[in-house]
Each structure stands twice: as structure tokens, then as C-alpha cells.
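A quick write-up on the structure given underneath.
The values are calculated or read from the model by the stated rules, or taken from the named source; none is laboratory data. Values in this document were obtained by computation on a predicted structure and should not be read as measured data. Cβ placement follows ideal geometry from the backbone for every residue including glycine, while neighbour counts extend to all protein chains displayed.
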């Protein structure tokens, strides 16, 4: 893990483990419910992937995954994505 905090101890993940970090900048590291709290996640516990990210009504877009994943996700996004409906649930 790369960190600019000297208190962070370096570590290496085992094979088939993933390190998950919250991307909510409003949260302090101690408030985030991510791998800093619960440690590495086994890949077998990951059930899907993010295909679209919506932070605000103007800050949103596709999440770039592998080429194969993007091909598979295209039809889902074309039929099911409703940005206006998603934006209704954004908390200010």
C-alpha cells in the first residue's frame, strides 16, 4: 500500500485478496468502513463490479473496467441506466 503517512505500516496482500478503500472524501479514515477497518477482502467475497459512479448531478460517468467487462456492461447500461432517477437520491 502506498501512503504519505509515516505511521502506516507497509504490507503485501496475499494471492486472491483485495484491499477496498472508501472514496468518500468527506469521511476521515477512521470513519470509513473499508479495509482500513476490516482488513483484506477475499476475492471470493466480491460478487460484482461497479459500472457507473454518480457523486453529484454533474459528477458522474462510466467506471472503466476491462475491455471484456465494458462490452458486457454496455447493454445493461443502455437499457437500465437512468441518471435522472439516480440523481433524485443524492443527498446534498
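Hey, does the range 69-87 have a residue that's without any contact (Cβ under 8 Å) to a residue 12 or more places away in the chain and either under 26 Å from residue 13 (Cα atoms) or part of a strand (DSSP E or B) (or both)? Spell out the reasoning first.
Residues of the range 69-87 that are without any contact (Cβ under 8 Å) to a residue 12 or more places away in the chain, as a first pass: 70-72, 74-75, 78-80, 82, 84-85.
If we keep only those that are either under 26 Å from residue 13 (Cα atoms) or part of a strand (DSSP E or B) (or both) too, we end up with none.
Taking every residue of the range 69-87 in turn, none turns out to be without any contact (Cβ under 8 Å) to a residue 12 or more places away in the chain and either under 26 Å from residue 13 (Cα atoms) or part of a strand (DSSP E or B) (or both).
Can you tell me how many residues in the range 12-54 are part of a loop (DSSP other than H, G, I, E, B), surrounded by 10 or more Cβ atoms within 10 Å (Cβ to Cβ), at pLDDT below 90 and over 15 Å from the mean Cα position of the chain (by Cα)?
The total comes to 2.
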